[in-house]
Amino acid sequence: MPSALDQRPAPTAAATGPAHPPRRRTRVLALPEARWALASLVLFLLALPPHLLGAPAWLWGPLFAAAYVTGGWEPGWEGLKALKDRTLDVDLLMVVAALGAAAIGQVLDGALLIVIFATSGALEAVATARTADSVRGLLDLAPTTATRLGPDGTEETVDAARLAIGDTILVRPGERVGADGHVLDGASEIDQATITGEPLPVAKRAGDGVFAGTVNGTGALRVRVARDPADSVIARIVRMVEEASATKAPTQLFIERIEQRYSLGMVLATLAVFAVPLVLGDALRPALLRAMTFMIVASPCAVVLSTMPPLLSAIANAGRHGVLAKSAVVMERLGRIDTVALDKTGTLTEGTPYVTDLRPLPEAGCDEMGLLRLAAAAEHPSEHPLAHAVVATARARELPLPAAADFTSTPGRGVASTVEGHKVEVGSPALLLADVADAGAGAGRRVRDGVRELEDAGRTVVVVLRDGVPVGLLGIADRLRADATATIAALTRLTGRTPVLLTGDNERAAERVAAEVGITDVRARLLPEDKVAAVREWEARGHRVLVVGDGVNDAPALAAAHCGIAMGKAGSDLALETADAVVVRDELAAIPAAVRLSRTARRLVVQNLVIAGTFITALVAWDLIGTLPLPLGVAGHEGSTVLVGLNGLRLLREGAWPRAELSPTRG
């Protein structure tokens with residue numbers, strides 16, 4: 001219940017660790033892949049204008065050559081190393097195709113291909129580095145030291161990693177808990193949102209469990225260590241994110257999934273086109289020209305551009321509407337999901353408590369505004385989230401708050417202040433009503449009935465006493481996002497399945513939110529590993545799961561899912577870096593719109609592949625059966641490339657964003 005966090009002593013940095021871990025970001029240009037890709041892009045852009053304007057080759061030729069070297073040496077080197085291991089990948093094929101294009105005068109096309117592949121590799125490297133940074137930053141949530149108590153009560157500051165099962169530690173007000181364990185004595189409230197996602201601090205007394213890295217409130221606790229620090233929940237979150245990221249199914253675009261067969265087949269076919277005519281008596285030059293023409297018309301440039309422009313256009317369009325997909329792979333995967341699992345706090349809800357119910361007792365001579373004014377005045381000095389909710393509601397209604405004196409706070413019980421000459425207490429009904437004289441009848445019975453009713457509705461309840469007499473109840477709950485119901489309906493239409501609610505919060509709060517938005521499958525009180533287990537269970541049945549969350553506790557599930565989306569406004573660093581996409585504006589209804597856009601992009605990819613395949617088949621057949629002039633082969637190859645590129649760019653239009661998904665009338 002409300003507590004005076006502003007009155008707690010300032011803890012030492014060594015004991016607590018930072019409230020929010022510092023963001024450890026690898027600078028983009030610190031990665032060699034990014035530097036080479038940027039250099040290649042800049043050189044390409046410098047060479048492009050003089051080339052298009054017909055300037056002499058000496059002006060733009062060296063720039064294009066430098067673009068080839070800076071962007072192509074790394075994928076070429078990796079391709080050669082793969083070739084050494086008897087593996088032929090599309091990166092090497094693209095470099096060879098680019099060099100082949102340059103050899104017959106198509107320098108611009110080859111350079112463009114090099115730039116596309118270099119940029120793609122750099123983006124993948126940046127995403128990998130950022131995720132690794134965030135996983136390492138998560139370790140800062142756990143304190144580096146803890147206060148261990150000896151058998152005689154002596155205190156010793158030790159490295160938290162040296163704690164052993166059975167040790168007793170002292171957790172002072174404001175400190176982070178040093179290890180997973182159970183409270184031996186003391187009472188306090190602990191903010192464990194990083195582990196369970198609960199929006200409010202949880203009261204802890206003797207016998208209750210606590211987690212390493214969670215933040216203690218105003219009371220002091222003695223905790224017996226129950227798990228080795230290396231096996232704490234926060235350490236397991238780190239391991240789960242790393243393992244899920246490493247074992248997640250390969251995220252490859254269509255062309256990458258067939259690259260080995262296509263690459264090998266094209267190389268063998270090119271050699272055959274060159275060798276067979278020689279064996280049959282053709283001269284070297286015509287055979288070489290035919291083979292070069294074959295390599296150009298059969299190269300997968302149009303196939304690559306069949307895939308990338310629609311997906312990149314979809315990424316750009318989604319970005320304009322507040323959804324940042326981290327790669328083309330993510331945009332492709334997003335449209336394939338058939339099951340959605342959402343977190344509650346900070347995802348379906350805003351993560352901020354607010355007053356939902358005012359229940360004054362008529363015989364106490366206090367109406368709704370009077371009850372709110374009294375409670376807000378007593379709570380005003382407190383920094384507890386419930387206190388903030390009460391005071392914010394009073395201010396929103398422009399109620400003047402009288403001054404409060406003699407403010408005190410008792411962990412787990414509530415606060416007490418002197419307001420206008422009366423002792424006003426606000427806090428836990430279970431503890432405050434135990435001291436009420438007529439608890440068995442009259443006002444006491446009505447208050448208890450009201451508490452039961454509000455709690456059954458999923459509210460957190462506080463009782464207000466004036467001079468020891470109940471004057472009313474306040475119901476407090478997390479605010480549901482305005483577009484939550486519409487989003488659930490839209491996702492249900494898209495996938496054919498109602499989304500599932502996965503939360504670490506209690507059952508009543510979860511079921512209340514689920515009932516309001518139309519969710520029937522609710523799984524509450526889940527630790528991070530439980531969320532991962534649920535995702536893996538669905539995927540073992542063949543489902544492609546989209547997980548939407550915002551907290552550290554959601555990160556393992558975001559990493560394990562087919563696709564993960566984080567809410568950007570209040571999302572933790574780990575969730576934002578682990579997720580495949582981020583909803584920057586916190587507009588929940590943008591998620592089904594992005595799914596619909598992804599499906600449109602995938603349809604365009606299929607269209608483009610049909611167009612590209614048709615052109616390649618026709619040109620290859622012409623080259624093999626007849627004599628395809630090299631200029632005509634290049635024109636046909638480049639024409640198909642331009643055609644599929646323009647078709648993919650259609651998704652850049654403003655009208656391509658599926659606004660119907662945002663309409664409340666459509667769900």
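The values are calculated or read from the model by the stated rules, or taken from the named source; none is laboratory data. None of the values given here were measured: they were computed from a predicted structure. Quick reminder, even Gly has a Cβ in these numbers, built from the backbone with ideal geometry, and neighbours come from all protein chains shown.
Can you name every residue in segment 524-546 that is crowded, with 16+ Cβ neighbours inside 10 Å and among the basic types (Lys, Arg)?
Listed by number, the residues that qualify are Lys531, Arg544.
Please find, within segment 340-354, the residue that is farthest from His388 (Cα to Cα) out of those that are in a strand (DSSP E or B) and at pLDDT 90 or above. Working first, answer last.
The initial filter retains those residues of segment 340-354 that are in a strand (DSSP E or B), namely 340-342, 349-354.
Those still in the list that are at pLDDT 90 or above too: 340-342.
Details: Val340: 33, Ala341: 30, Leu342: 27 Å.
Within segment 340-354, the match that is farthest from His388 (Cα to Cα) is Val340.
Determine, yes or no, whether Ile488 is at pLDDT 90 or above, of a type outside the set (S, T, N, Q) and part of a helix (DSSP H, G or I). Spell out how you get there, then give the answer.
Numbers: at pLDDT 90 or above: yes; of a type outside the set (S, T, N, Q): yes; part of a helix (DSSP H, G or I): yes.
Here the answer is yes, as Ile488 does meet what is asked.
Out of the residues in segment 584-626 that are of a type in the set (S, T, N, Q) and free of Cβ contacts under 8 Å to residues at least 40 places away in the same chain, state the one that is nearest to Pro310 (Cα to Cα).
First, pick out the residues of segment 584-626 that are of a type in the set (S, T, N, Q): 598, 600, 607-608, 614, 617.
Subset that is free of Cβ contacts under 8 Å to residues at least 40 places away in the same chain: 614, 617.
Details: Thr614: 19, Thr617: 22 Å.
Per the stated criteria, the residue is Thr614.
Give segment 459-470 a look and list any residue that's in contact (Cβ under 8 Å) with a residue 40 or more places away in the chain and surrounded by 24 or more Cβ atoms within 10 Å (Cβ to Cβ), or say none.
Taking segment 459-470 first, the residues in contact (Cβ under 8 Å) with a residue 40 or more places away in the chain are 459-460, 462, 464-470.
Of everything in segment 459-470, those that are in contact (Cβ under 8 Å) with a residue 40 or more places away in the chain and surrounded by 24 or more Cβ atoms within 10 Å (Cβ to Cβ) turn out to be Val462, Val464, Leu465, Pro470.
For segment 165-178, which residues satisfy the criterion of being over 15 Å from Val233 (Cα atoms), out of contact with any helix residue (DSSP H, G or I) (no Cβ under 9 Å at 6 or more places or on another chain) and in a loop (DSSP other than H, G, I, E, B)?
Gly166, Asp167
Condition check ((1) surrounded by fewer than 23 Cβ atoms within 10 Å (Cβ to Cβ); (2) aromatic (Phe, Trp, Tyr); (3) at pLDDT 85 or above) across all residues:
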site: Arg130; (1), (2), (3): yes, no, no
site: Glu156; (1), (2), (3): yes, no, yes
site: Leu170; (1), (2), (3): yes, no, yes
site: His182; (1), (2), (3): yes, no, yes
site: Thr218; (1), (2), (3): no, no, no
site: Ala226; (1), (2), (3): yes, no, yes
site: Asp231; (1), (2), (3): yes, no, no
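Quick one: which residue in Glu383, Glu368, Glu379, Glu363 is of a type in the set (Asp, Glu) and buried (at least 18 other Cβ atoms within 10 Å of the Cβ)?
On the way: Glu383 fails: buried (at least 18 other Cβ atoms within 10 Å of the Cβ); Glu368 fails: buried (at least 18 other Cβ atoms within 10 Å of the Cβ); Glu363 fails: buried (at least 18 other Cβ atoms within 10 Å of the Cβ).
Selected residue: Glu379, the only one of Glu383, Glu368, Glu379, Glu363 that is of a type in the set (Asp, Glu) and buried (at least 18 other Cβ atoms within 10 Å of the Cβ).
Between Val469, Val447, Val436, which is among the aliphatic types (A, V, I, L, M), modelled with pLDDT under 90, over 23 Å from the mean Cα position of the chain (by Cα) and under 27 Å from Gly186 (Cβ atoms)?
Working: Val469 fails: under 27 Å from Gly186 (Cβ atoms); Val447 fails: under 27 Å from Gly186 (Cβ atoms).
The conditions single out Val436.
Just the residues that are touching a residue at least 40 places away in the same chain (Cβ under 8 Å) and either over 30 Å from Val183 (Cβ atoms) or in a loop (DSSP other than H, G, I, E, B) (or both), please, taken from segment 376-419.
Correct list: Ala377, Pro381, Ser382, Glu383, His384, Pro411, Gly412, Arg413, Val419.
For the condition assigned by TED's automatic domain parsing to the domain that holds Arg336, without any contact (Cβ under 8 Å) to a residue 24 or more places away in the chain, of a type in the set (Gly, Ala, Ser) and within 22 Å of Ile234 (Cα to Cα), what is the one hit in Ala540, Ala566?
Working: Ala540 fails: within 22 Å of Ile234 (Cα to Cα).
Just one listed residue meets the conditions, Ala566.
Taking Ala515, is it under 19 Å from the mean Cα position of the chain (by Cα), surrounded by fewer than 20 Cβ atoms within 10 Å (Cβ to Cβ), assigned to a helix (DSSP H, G or I) and not charged (D, E, K, R)?
Details: under 19 Å from the mean Cα position of the chain (by Cα): no; surrounded by fewer than 20 Cβ atoms within 10 Å (Cβ to Cβ): yes; assigned to a helix (DSSP H, G or I): yes; not charged (D, E, K, R): yes.
No, not satisfied.
Suppose we keep only residues that are of a type in the set (S, T, N, Q) and touching a helix residue (DSSP H, G or I) at 6+ places or on another chain (Cβ under 6 Å) within segment 488-512. Which one would you say is surrounded by the most Cβ atoms within 10 Å (Cβ to Cβ)? Full working, then the answer.
Of all residues in segment 488-512, those of a type in the set (S, T, N, Q) come to 492, 495, 498, 503, 506.
Next, only the ones that are touching a helix residue (DSSP H, G or I) at 6+ places or on another chain (Cβ under 6 Å) stay: 498, 503.
Numbers: Thr498: 18, Thr503: 29.
Among residues in segment 488-512 that are of a type in the set (S, T, N, Q) and touching a helix residue (DSSP H, G or I) at 6+ places or on another chain (Cβ under 6 Å), the one surrounded by the most Cβ atoms within 10 Å (Cβ to Cβ) is Thr503.
Mind checking whether some residue in segment 356-364 is closer than 27 Å to Leu501 by Cβ, of a type outside the set (Val, Ile, Thr), at pLDDT 80 or above and outside the structural domain of Arg512 (by TED's automatic domain parsing)? Show your work before the answer.
If we filter segment 356-364 for residues that are closer than 27 Å to Leu501 by Cβ, which is where we start, we get 356-357.
Narrowing the set further to residues that are of a type outside the set (Val, Ile, Thr) leaves 357.
From the residues that got through so far, the ones that are at pLDDT 80 or above too are 357.
Remaining after also requiring outside the structural domain of Arg512 (by TED's automatic domain parsing): 357.
Among the residues of segment 356-364, at least one is closer than 27 Å to Leu501 by Cβ, of a type outside the set (Val, Ile, Thr), at pLDDT 80 or above and outside the structural domain of Arg512 (by TED's automatic domain parsing), which makes the answer yes.
Any residue that is assigned to a helix (DSSP H, G or I), without any contact (Cβ under 8 Å) to a residue 12 or more places away in the chain and of a type in the set (A, V, I, L, M, F, W, C) - is there at least one of those in segment 281-303? So that I can check it myself, show each step before the final result.
Restricting attention to segment 281-303, the residues satisfying the condition of being assigned to a helix (DSSP H, G or I) are 284-298, 301-303.
Imposing the further condition that a residue be without any contact (Cβ under 8 Å) to a residue 12 or more places away in the chain reduces the set to 284-286.
Those still in the list that are of a type in the set (A, V, I, L, M, F, W, C) too: 284.
Scanning segment 281-303 turns up at least one residue that is assigned to a helix (DSSP H, G or I), without any contact (Cβ under 8 Å) to a residue 12 or more places away in the chain and of a type in the set (A, V, I, L, M, F, W, C).
Glu453 fails exactly one of the following numbered conditions: (1) outside the structural domain of Leu433 (by TED's automatic domain parsing); (2) of a type outside the set (Phe, Trp, Tyr); (3) more than 30 Å from Val583 (Cα to Cα). What is the number of that condition?
For Glu453, the failing item is (1).
Considering only residues that are more than 19 Å from Leu649 (Cβ to Cβ) and among the basic types (Lys, Arg), look in segment 304-343 and name the one that is surrounded by the fewest Cβ atoms within 10 Å (Cβ to Cβ).
Going through the qualifying residues, I end up with Arg336.
Among (1) modelled with pLDDT of 70 or more; (2) loosely packed, with under 15 Cβ neighbours inside 10 Å; (3) over 22 Å from Met295 (Cβ atoms), which single condition is Asp85 missing?
Only one criterion in (1) modelled with pLDDT of 70 or more; (2) loosely packed, with under 15 Cβ neighbours inside 10 Å; (3) over 22 Å from Met295 (Cβ atoms) is unmet by Asp85, namely (1).
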